[in-house]
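One structure is given here, and the rest of the page talks about it.
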Amino acid sequence: MPKIGYARVSSSSQDLDIQKAKLKAAGCEVIRSETVSGASRDDRSELATVMEFLREGDELVVHRLDRLGRSTRDVLNLVHELDAKGASLRVLEPEVTTAGDMGRMVITVLGMVADMELKFIRDRQRAGIEAAKGKGVYKGRRKSVDDEEIRRLASEGTAKAEIARDLGVSRMTVYRALADDET
């Protein structure tokens, strides 16, 4: 049974080496890795490639379940897709596989825990931003375009949609800049 490893980190400041070493030690012949958020399956090209090439009898191996995904729905959908292909999922920590019924139940519970953990991370981030705003430290990201440039183009008769397209901003940004001018 071929073992295909999948490793993921969320940011470039994190290291894939530990995951890759554990996957190699588990007997993975092929290891695919990427640096991308696990909040959803969007923009995860390496995972898509792995899922495309898995065949009956293959085993997808991940270090921890949260490396596969932080959304319970995504994880369960992946397990369902693996089942449909006749493949299975193996998580190294804690050791669990979907090859049996008990493993599917454990994966479901672990997926829910990963999902909750993502919600906790977002809540802590939101609370930190609110606290920083209260202290006047956090003011959001810096503007990528000068409002004066938007106003100048609008005063020359350039359409709002064209201004947004030319400056690479949303139309809402254009409308806000022009609204600020009116107040």
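Within the set of pairs 6+ apart or on separate chains, which have a first residue in region 138-160 that is farther than 14 Å from residue 179 by Cα, a second that is open to solvent by less than 90 Å² (accessible area, probe 1.4 Å) and part of a helix (DSSP H, G or I), and C-beta atoms under 6 Å apart?
Pairs found: 138/129; 138/132; 145/167; 153/163.
Pick from region 4-22 the residues that are more than 14 Å from the chain's Cα centre (by Cα) and surrounded by 13 or more Cβ atoms within 10 Å (Cβ to Cβ): which of them is nearest to residue 68 (Cα to Cα)?
6
Looking at region 129-138, which of the residues that are open to solvent by 80 Å² or more (accessible area, probe 1.4 Å) and part of a helix (DSSP H, G or I) is farthest from residue 71 (Cα to Cα)?
Of region 129-138, the ones open to solvent by 80 Å² or more (accessible area, probe 1.4 Å) are 130, 133, 135, 137-138.
Next, only the ones that are part of a helix (DSSP H, G or I) stay: 130, 133.
Details: 130: 25, 133: 29 Å.
In this case the residue turns out to be 133.
Could you check residue 119 against (1) over 28 Å from residue 81 (Cα atoms); (2) at pLDDT below 90; (3) surrounded by fewer than 12 Cβ atoms within 10 Å (Cβ to Cβ); (4) basic (Lys, Arg) and say which number it fails?
Only one criterion is unmet by residue 119, namely (1).
Residue by residue through region 1-22, note down the ones that are without any contact (Cβ under 8 Å) to a residue 60 or more places away in the chain and either in a loop (DSSP other than H, G, I, E, B) or aromatic (Phe, Trp, Tyr) (or both).
Correct list: 1, 2, 10, 11, 12, 13, 14, 15, 16.
Which one of these is in a helix (DSSP H, G or I) and not hydroxyl-bearing (Ser, Thr, Tyr): 142, 126?
Only one candidate qualifies: 126.
Given the residues 66, 83, which is the only one that is assigned to a helix (DSSP H, G or I) and within 23 Å of residue 18 (Cα to Cα)?
66
Residues being over 13 Å from the mean Cα position of the chain (by Cα) and either crowded, with 20+ Cβ neighbours inside 10 Å or without any contact (Cβ under 8 Å) to a residue 60 or more places away in the chain (or both): count how many of those fall in region 23-47.
Qualifying residue count, region 23-47: 10.
Give the number of residues within region 145-177 that are more than 30 Å from residue 126 (Cβ to Cβ) and assigned to a helix (DSSP H, G or I).
Counting residues in region 145-177 that are more than 30 Å from residue 126 (Cβ to Cβ) and assigned to a helix (DSSP H, G or I) gives 13.
How many residues, within region 139-183, are over 28 Å from residue 129 (Cα atoms), open to solvent by less than 90 Å² (accessible area, probe 1.4 Å) and among the charged types (D, E, K, R)?
4
The values are calculated or read from the model by the stated rules, or taken from the named source; none is laboratory data. This one's a predicted model, so the numbers in the text were calculated from it and none came from an experiment. All Cβ positions, glycine included, derive from the backbone under ideal geometry; neighbour counts span all protein chains shown. Calculation scope for accessible area: heavy atoms of the full protein, side chains included, ligands and nucleic acids excluded. Shrake-Rupley method; radii C 1.70, N 1.55, O 1.52, S 1.80 Å.
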